[in-house]
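The values are calculated or read from the model by the stated rules, or taken from the named source; none is laboratory data. Bear in mind that the values here come from a model prediction, so they are computed numbers and not experimental data. Note that each Cβ is placed from the backbone with ideal geometry, even for glycine, and that neighbours are counted across all protein chains shown. For the accessible areas, the whole protein counts, side chains as well, though only heavy atoms, and no ligand, DNA or RNA atoms are used. Shrake-Rupley method; radii C 1.70, N 1.55, O 1.52, S 1.80 Å.
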Amino acid sequence: PIGDPLHAPSSERMLHCAVYRSNPNVGAVIHSHAPKATLLGLSGIPFLPISTEAAYIGEIPRIPFIMPGTVELADAVGAVAKDAPAVILQNHGLIVGGADLRQTINMTLIVEQTAEKLIACHMMGKIPPVLPDEVVAMLRSLGAMIA
């Protein structure tokens, strides 16, 4: 806190700071309890490049449950956030880091919308088709500008 704030900082402030420290290109961090992304973590369903938007983001690492608000969780997330714009926190939620708040919001929504589609496919007993490898590689390279 700076000065005499009306609100205390988030109990997950160490988590946010770990993402900022791990990647100097991150200018905004969103931590949410996104229900669909959390379901991906709980079910073990992988985040797949089923759309161009999902391909921009790439693979999303998962952190096994670690007590929220702890240094251990912050350290675990910081270790993988340097190479990924998003991290799924099993039994907890999602954390996304982007260049600015607009980009971070967009990526959070892409993860949640993609998770919804992936879960729906699995509920119907279908494994969704993914984009071709060469398209994913091209989009992922562009995604470095987006994600």
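Quick notes on this one:
- If the condition is being touching a His at 6+ places or on another chain (Cβ under 8 Å) and either modelled with pLDDT of 95 or more or farther than 22 Å from I127 by Cβ (or both), then region 25-42 contributes V29, H31, H33, T38.
- Of the residues in region 65-78, none is open to solvent by 70 Å² or more (accessible area, probe 1.4 Å), over 11 Å from the mean Cα position of the chain (by Cα) and at pLDDT below 95.
- In the set (1) more than 24 Å from G78 (Cβ to Cβ); (2) open to solvent by 50 Å² or more (accessible area, probe 1.4 Å), R62 fails one condition alone, (1).
- Flag for V111 being assigned to a helix (DSSP H, G or I), closer than 23 Å to I66 by Cα and open to solvent by 20 Å² or more (accessible area, probe 1.4 Å): no
- Considered as a group, the residues in region 94-103 that are closer than 16 Å to A18 by Cα and not hydrophobic (A, V, I, L, M, F, W, C) include one that is nearest to the chain's Cα centre (by Cα), and that residue is G97.
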